[in-house]
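Read-outs: derived from the displayed coordinates by stated rules, not from any lab. Note that the structure is a prediction, hence the values are computed from the model and not measured. Glycine gets a Cβ as well: all are built from the backbone with ideal geometry, and neighbour counts include every protein chain shown.
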Amino acid sequence: MSEHAPAFGAVTLEVLWTRLISIVDEAAKAVTRTAFSTLSNEANDFACVLTDERGHLVAQNTGSIPSFISTLPSTVKHFVREIGVERMKSGDILCTNDPWKGTGHLNDVCVVRPIFRGGRIVAFAASTSHVPDIGGKIRSVEPREIFEEGFHIPPMKIFHEGVPSETFFRVLKAQVRTPEQTVGDIYAQITALDLMDLRLNALMDDYALARVTELSDELNRRCEAAMREAIRGVPNGSYEFEMKTDGLAPNAPFVFRVRLTVADETIHADFTGTSPVQPRAINTCLCYTFAMVAYAVKCALLPEIANCEGVFRPITISVPENSILNPLFPAAVGGRSNTGHYVPAVVFGALAKVLPERVMAAPGSPLWNCTQSGVRPNGKPYANNLFFNGGMGAVRAKDGESTISWPSNISSTPVEVAEQNSPFFFRYKRLRPNSGGDGRHRGGLGQDIYMENESESPIAVIFLAERTRIPAPGLLGGREGGRGDVVIDGTSMDTRHQYVLQKGATLLLRTPGGGGYGPPEERGAAARARDRLLGYVED
Amino acid sequence: MRQEEIGVVSRYSLGIDIGGTFTDIVVYDRETGRQFNRKVLTTHGDPSIGVMTGIDTLLKEDGLKPEEMGRVVHATTLFTNSLIERKGAVTGLITTEGFRDTLEIGRERKYELYDIAIEKPAPLIPRNLRLEVGERIKHDGSVKTPLDEQRLDKVADELVKNGATSIAIVFLHSYKNPSHERSAAARVAKRHPKVAISASCDVAPEIREFERASTTAANAFIKPLAHVYLANIAGQLKGRQVRAPFQLMLSNGGLTNVEEAKRSPVQLLESGPAAGALAAAFFGTEDGGGNVLAFDMGGTTAKLSVVDNGQPLITYAFEAARQKRFIEGSGFPIRISSIELIEIGAGGGSIAHIDEIGLLKVGPQSAGSEPGPASYGRGGTNATVTDADFFLGYLNPDFFAGGTMKIDLKAAERAMAPLMKQTGLSLTEVAWGIYDVVNENMASAARVHIAERGKDPRRYAILATGGAGPVHAYYVAKKLGLRKVICPKAAGVASALGLLMAPARIDRVATVAVRIDQVKWTDLEAAYRKLEDNAKAVIAETGLDPKKAKVTRLADIRYVGQAFEVVVELPDGPYTAASKAALNEAFEKAYIEKFTRTPPDVPAEFINIRVSVKAEIAGSATEVTLAAGGKGKALKGKRPVYFPEAKGFVEAAVYDRYAMKPGDSFQGPAVVEERESTLIVGPGASFVVAPSGNLVVTVPQEGAA
């Protein structure tokens, strides 16, 4: 094909895109296998992308979680704007974890490598990964400002023409609890960037491409057209939905309010009326709010297409400044998922009015996390993260699945591994009967995890735990899912505080169930009998 | 139970490979290197019927005597199918109090991110048949709560009352201390002698309770079936006067005896593909320098496996019965050693369609064999890969399946017409597009797979088998930058022949979870010894001399803080404190090979230790002479065939594989026809018939098509 007028038809484009995706998937495998953070290696809490020279996304790794929709391309665009392509050299690695320019919290370190060809930048390889520790307070909702949340890396070069900046790595190591692992994870990402550079150049050799601009334009044009077409299938109008959630204190729920406007080929989500920014680390930066809206819309309208920028172009959001969904610097944002994970359910609530067959009742998310810290018998301090998930919401076609991470995709640690790593002894980890919201289709079940401190030394525990006050609502007549609960020594506790467990103290975590779909009267007798037989529902 | 001595050399070996559609029977004659084979339809109700029909015809027609068979080796997809179709025993689980839902809770992850109607693979054992007993072992192996035997009796009775004919026993931390599982297994077996028992400490003694339970449940699910089936087929062979020892191929390409196979049938899940990989290693060694990408493309899927230095790569974790589009995470995790294999939904029957953004996609949906591709004229209306292959001239409508099947070319064109309309491409562009897209799907999968192992794809030769393999191999090779395509003769039965090339092999694993700087070396050495003794006992059971067996030590090692291990082949034992440097070095070398650099300042830790004990079996096939060939004229004629290099159809030479002789050489563009498949060779390539009988194509080096 000619270099000057590349024609990307149905076949060429498919073949090239498949290969581009195989490049980012290969890079992702490298990250998974070499990362130290369980968040990268077990939880896929990272992403690898290729963009064109302007920062437009052309390929994103298949397993990358919804939080990273559109975030890396905007990070690349920030670098292009703030550093400038003329100041970038081959072998440079750019880095930031600025929540507003990155992914919404300091733990995600974004690295970018300009890809050169014939002395010119033709593309960017970018990656973001949740590092094991970034300093600051142990992950919780407690910080009031970003300065308490850890080490802040402004957009900067950390490798100059292939040479690491010693100053940067020295300073970074001094700020974090796990210097080898945090630095090791950044190196794992850089390995992935090197790989993408190599592979993209090989692809361009094979197909005699001088640049990816036209390929990117054609791909994104088609994806954008497909999303526009899908939106055209939704009746024009404004659809509102409101959901109340736990809030920081009893009887002071947060309000999530959305007005979703479908106008021919575009969807706009306006969150005016949503609760204001909080002096706690549960605010969600605009980039993350957008990712969650885009995720819900893609699930409902175009689930099959791989991620590229065009898919998301017809989707816009507006959130008033200083909203909990659009905090400004220096707000604390570390526990963004605590708030952000509610957003897709809110968008579904609005879409349910016109697309009831394409949405899900609210799931038992956000993700639950229990961080333990203390001192081992050998005197060494430790900190450990355990993740747990609730049930998915029910849909038009079926019951919700039990205990699955949504919208995120984070595995829980095996009990056998958790008992090796922490002084907790697990008495049980089992499905939680009756926690799935009743309905024509039942919500998925949450789970009960019961642990006991068996060590002589006390364990400090702090939680990210939601839906303990206000459960996941059902949809179209479906009932709400079971409320979550954190019980210490038999008493329900306020999940916003840290507790210290002495030897023999017990901790019961009850993750929430998903909401039901459709009126319970419409649930078939066979489905009810099965629920009884299998004990999903008990007296 | 000690079987007859099988080290004794006898002239013939018999291989039986039961596949989903066909059962292959092959006899190998050690003295002449000749092989005889038959293909019969698999008889699904009772697979032994097809096997015996095949054996009877072969022996009769080729004038062989059953008592001359020195050994019988068997592979089957029966057990995998029983998992996929969920047709196994009513199975119960007895587990630690508080943990009966481990199987159902799973890893809590979605295998597909954007599907809100996602379905987790339902556990093989439903919740009402998963019961708990009081008992608890701690992570250090100490007993916290003794086994409640009365409760055990009660739950076992309840499971049996509810129809369970097989019981899985999975207790927490049994990889560390198996005593509770062992005594529970013995007690239940005594109380219910007819019920099959699978204890996780025997099936998959590795840390991570969900994966261990999943493997044990799969084993329990197929165990009664395996018991009946293996006894039946062994009995029938004896009835036919085939008195030779009966051996089974394991998923890792090793052999074992009937008793071990009955104990742990989950090890046989991938026995068929394992035989295929061994055959690929065999046929590829001489002409591929030992580094081969085995490419087996059939009607619905393509399977890829990597052979390094003549040895197929082994994995220690895979998934069985993926329920959705072969997506990782949609199947049951299985922790046994197995030939490493990737399977994707790309075959001759894969259907082409246009997606939401106007791109041409191929598969994973397949037209299967009914109705099949449109060109089969059996009512199929979707355009498939096979239809494109006919249109492009790659397949010969007058000689498909050796001329036994009538092909409707017009139907193929009709099926592709809607795709023309949707894309604005010509018929030829659509057909080439289907061919090119399915090739890219396979090449991309291979690229990621090979790169994951830190290898460069270009050092491999591609070895094509399966009906569609040789049709697509040349252009897949071009995409991957491979220089050589190897097409063995009679690729259709090569896999069964692979059965006769395997050594006896027993793998064992145990979890140690210890940092390399904290290892107690006598303990580690003792742990390896224990595994070796156990594996050698099974080798002895097979009738081989364990003293002559080759022991390989391996370990799953990672840097402290990582969650994935690298399986590393270690230097031979015995180990002492002085071994530390050598073991560390072996790990670092393997790590760098995979990931290019090691992280700074972190110690390594052993998670699992493994041994692989292999014993060569006398009488294994080492040289295969295929039918001599060279009769008649090789050049059959010419026909128009599409080649992208020529941007159109050119008159290509069509050769008869059966008339080619070793030493003959040819130039592309060319088509080589044989009964089961057709090899396509592009312009600028040359190919020869090697002394091995393989066709070996040299691919010209240039940019991808």
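Summary of computed values
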item	result
Computed FRET value (nearest 0.05) for B:Ala578 with B:Gln150, which takes r as the C-beta separation and R₀ as 60 Å	0.70
Separation of alpha-carbon centers, the stretch A:9-78 and the stretch B:272-349, rounded to whole Å	26
Where the Cα pairs of the stretch B:77-125 fall when distances are cut into 5 Å bins, in %	4, 15, 19, 19, 20, 15, 6, 0
Residue-averaged 222 nm ellipticity for chain B, from DSSP H runs of 4+ at -39500 (n - 2.57), nearest 500	-9500 deg cm²/dmol
Near-label residues of the stretch B:361-389 by backbone N, under 12 Å of a point 7 Å along Cα→Cβ of B:Arg414	B:374-382
Hull volume in cubic angstrom per residue (convex hull over the Cα atoms of the stretch B:635-698)	74
Set B:Lys303/B:Lys536; B:Lys421/B:Lys647; B:Lys138/B:Lys520; B:Lys110/B:Lys144; B:Lys238/B:Lys536; B:Lys361/B:Lys638 screened for pairs whose C-alpha atoms are more than 24 Å apart	B:Lys303/B:Lys536; B:Lys110/B:Lys144; B:Lys238/B:Lys536; B:Lys361/B:Lys638
Computed E for B:Arg459/A:Arg144 - FRET, C-beta separation, R0 56 angstrom, nearest 0.05	0.45
Intensity falloff of the stretch A:361-539 expressed as log10 I(q)/I(0), Debye formula with alpha-carbon point scatterers, at q = 0.10, 0.16, 0.20 Å⁻¹	-0.40, -0.87, -1.19
Spin-label model distance (nm) - A:His497 vs B:Ala526, 7 Å beyond Cα toward Cβ	5.0
Where Rh is the Kirkwood radius over Cα pairs, Rg/Rh for the stretch A:10-223	0.97
C-alpha center-to-center spacing [the stretch A:279-325, the stretch A:236-270] in angstrom	13
Sequence-distant lysines (8 or more away, or on other chains) whose Cα lies within less than 16 Å of A:Lys101	A:Lys77, A:Lys157
Per-selection Kirkwood Rh - the stretch B:325-364 (Cα, Å, 1 d.p.)	12.7
Cα radius of gyration and Dmax for the stretch B:253-392 (Å)	17.8, 55
Estimated dipole of chain A in Debye, rounded to 20 [Cβ of Lys and Arg +1, of Asp and Glu -1, Cα centre]	620
Evaluated at q = 0.13, 0.15, 0.19, 0.23 Å⁻¹: base-10 log I(q)/I(0), Debye formula over Cα of the stretch B:118-229	-0.47, -0.62, -1.00, -1.42
Gain upon complete extension [A:Lys77, A:Ala174; 0.36 nm per residue less C-alpha separation]	32.0 nm
Distance-filtered residues of the stretch A:456-473 - backbone nitrogen under 17 Å, label point 7 angstrom along A:Lys244 Cα→Cβ	A:467-473
Net charge dipole size for the protein assembly as shown [Lys, Arg +1 and Asp, Glu -1 on Cβ; Debye, nearest 20]	1280
Reduced Cα scattering model of the protein assembly as shown, Debye log10 I(q)/I(0), q = 0.09, 0.10 Å⁻¹	-1.23, -1.53
Extension gain, B:Asp46 back to B:Arg515 (0.36 nm per residue minus Cα-Cα distance, nm)	163.8 nm
Value at 222 nm in deg cm²/dmol, rounded to 500, when DSSP H runs of n ≥ 4 in chain A each add -39,500 (n - 2.57)	-8500 deg cm²/dmol
Burial order of peptide ranges A:332-345, A:365-378 (average beta-carbon count within 10 Å, highest first)	A:332-345, A:365-378
By average C-beta atoms within 10 angstrom, highest first, the peptides B:535-541, A:445-451, B:143-149	A:445-451, B:535-541, B:143-149
22 Å tail of the calculated P(r), the stretch A:250-381, as % of Cα pairs	43
Square roots of five times the Cα gyration tensor eigenvalues for the stretch A:204-269, Å	41, 20, 7
Inter-label distance for B:Lys406 and A:Leu198, nm, one decimal - labels placed 7 Å from Cα along Cα-to-Cβ	5.5
Tilt relative to chain B, helix B:271-288 - C-alpha long axis, 0 to 90 degrees, to 10	50
Under 18 Å from B:Lys39, Cα to Cα: lysines that are on another chain or at least 8 residues apart	B:Lys60, B:Lys489
Kirkwood hydrodynamic radius over Cα pairs of the stretch B:504-615, then Stokes diffusion coefficient at 4 °C and 1.567 mPa s, in µm²/s	89
Ratio Rg/Rh, restricted to chain B and using Cα atoms, in which Rh is the Kirkwood radius	0.98
Simple spin-label estimate for B:Ala122 and A:Thr266 in nanometres, 7 Å along Cα-Cβ	4.7
Between the stretch B:127-164 and the stretch A:90-112, the alpha-carbon center distance in angstrom	51
Efficiency of FRET between A:Lys380 and A:Arg221 - r from beta-carbon atoms, R0 56 angstrom, step 0.05	0.50
J(HN,Hα) series, the stretch A:309-318, from Karplus relation 6.51 cos²θ - 1.76 cosθ + 1.60, nearest Hz, glycine and proline x	5, x, 4, 9, 4, x, 9, 10, 9, 9
Relative frequency of Cα-Cα separations exceeding 40 Å in chain A, percent	24
All aspartates and glutamates inside 13 Å of B:Lys161 as judged from Cα atoms, apart from same-chain residues fewer than 8 positions distant	B:Asp153
